[in-house]
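See below for the structure under consideration.
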Amino acid sequence: MLARLSPWHGRKYFLDKMTLGDLVVAYFAHHSIQVYLLAAAVGASFAVATAPSPREPLLAVVVVAMLYPLVEYALHRWVLHNRLLYKSSWTAKVWKRIHYDHHQNPHDLSVLFGALYTTLPPILLLTLPIGWMIGGAPAAAAAMATGCLIFAGYEFCHCVQHLPFTPANRWLREIKKHHLAHHFHSERGNFGITLDWWDRILGTEYESPRQVPRSPTTHNLGYTDDERDRYPWVGELSASDDEYALLRTKRAG
């Protein structure tokens with residue numbers, strides 16, 4: 001019953017047809033964002049209630065925040081764009097959900113948000129050990145809360161980059177320009193979503209599409225017809241999605 005009260009129930013959201021106000025409503029109504037914010041509140045409350053000193057939890061917050069740009073870059077470049085994932089029936093479904101569908105339709109908000117089963121485990125596996133080593137359970141809770149808050153912020157920033165909206169903030173305008181080039185010119189660079197630090201350090205940033213050749217695989221991420229014949233699992237799942245969407249359209253009509 002509660003699910004039916006959500007604006008997300010039975011609806012699809014496409015960012016190219018939304019305003020910033022529409023996005024804010026859809027963003028806070030999405031279950032994944034609610035989970036991140038709730039987890040962050042619980043973690044922060046636990047840290048405050050149990051830490052003998054604020055020093056360790058605060059240090060954990062700083063360390064997680066400093067490591068985040070590298071984690072974002074590494075996961076995007078070497079995991080989400082790793083073609084090995086579609087070459088196994090075990091990982092094809094996950095790869096399709098976490099990145100292929102987004103590059104197929106960058107405006108579809110339902111696949112822009114990460115699925116919780118693909119986002120929460122990395123957040124926990126990366127933040128909890130860091131915090132624990134710094135200051136035990138209170139610092140681990142603070143680190144986890146920081147990771148959840150940063151990721152919730154990342155999700156909103158990513159949404160804005162696909163919204164027909166020009167941010168007033170220069171930093172947001174620049175990363176939006178870089179990310180749109182990643183989607184519509186060449187996916188072989190501009191891997192940073194919120195910060196371009198590691199693109200600059202590792203030489204994968206390009207300021208203008210004129211600097212690099214246009215990639216023929218921006219939308220399919222290398223999953224071409226030849227690859228589909230050799231590794232059919234993502235193709236089969238995509239066909240199932242199309243058939244399901246067609247069935248829903250016929251029923252609605």
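The values are calculated or read from the model by the stated rules, or taken from the named source; none is laboratory data. For clarity, every value in this text was computed on a predicted model and none was experimentally measured. Cβ atoms come from the backbone with ideal geometry, glycine included; neighbour counts cover every protein chain shown. Heads up: the accessible areas ignore ligands, DNA and RNA and are worked out on the full protein's heavy atoms, side chains in. Shrake-Rupley method; radii C 1.70, N 1.55, O 1.52, S 1.80 Å.
Structural remarks
- Restricting attention to the stretch 77-86, the residues being more than 13 Å from Phe191 (Cα to Cα) and buried (at least 17 other Cβ atoms within 10 Å of the Cβ) number 2.
- Check on Ala152, closer than 11 Å to Val64 by Cα, open to solvent by less than 10 Å² (accessible area, probe 1.4 Å) and in contact (Cβ under 8 Å) with a residue 24 or more places away in the chain: no
- Output for the stretch 83-97, where each listed residue is touching a residue at least 12 places away in the same chain (Cβ under 8 Å) and either within 15 Å of Asn220 (Cβ to Cβ) or in contact with an Asp or Glu (Cβ under 8 Å, 6 or more places away or on another chain) (or both): Arg83, Tyr86, Lys87, Ala92, Trp95, Lys96
- Which listed residue is touching a Gly at 6+ places or on another chain (Cβ under 6 Å) and within 28 Å of Leu15 (Cβ to Cβ), from Ile123, Ile98: Ile123
- Checked against (1) without any contact (Cβ under 8 Å) to a residue 40 or more places away in the chain; (2) under 13 Å from the mean Cα position of the chain (by Cα); (3) open to solvent by 30 Å² or more (accessible area, probe 1.4 Å), Leu116 meets all criteria but (1).
- The single residue among Pro209, Pro167 that is in contact with a helix residue (DSSP H, G or I) (Cβ under 6 Å, 6 or more places away or on another chain), modelled with pLDDT under 95 and open to solvent by 50 Å² or more (accessible area, probe 1.4 Å) turns out to be Pro209.
- Residue that is surrounded by the fewest Cβ atoms within 10 Å (Cβ to Cβ), among those in the stretch 87-113 that are assigned to a helix (DSSP H, G or I) and in contact with a strand residue (DSSP E or B) (Cβ under 8 Å, 6 or more places away or on another chain): Asp101
- Top-ranked residue in the stretch 17-76 [being more than 23 Å from Leu126 (Cα to Cα) and in contact with a helix residue (DSSP H, G or I) (Cβ under 7 Å, 6 or more places away or on another chain); ranked as surrounded by the most Cβ atoms within 10 Å (Cβ to Cβ)]: Ala26
- The requirement of being without any contact (Cβ under 8 Å) to a residue 12 or more places away in the chain, out of contact with any Phe, Trp or Tyr (no Cβ under 7 Å at 6 or more places or on another chain) and either among the hydrophobic types (A, V, I, L, M, F, W, C) or open to solvent by less than 10 Å² (accessible area, probe 1.4 Å) (or both) is not satisfied by Ala143.
- The stretch 171-194 - residue that is part of a helix (DSSP H, G or I) and aliphatic (A, V, I, L, M) and, of those, nearest to Thr217 (Cα to Cα): Ala181
- The stretch 64-79 residues that are of a type in the set (Gly, Ala, Ser), paired with ones that are open to solvent by less than 70 Å² (accessible area, probe 1.4 Å) and in a helix (DSSP H, G or I) (beta carbon under 7 Å, 6 or more apart): Ala65/Thr146; Ala65/Ile150
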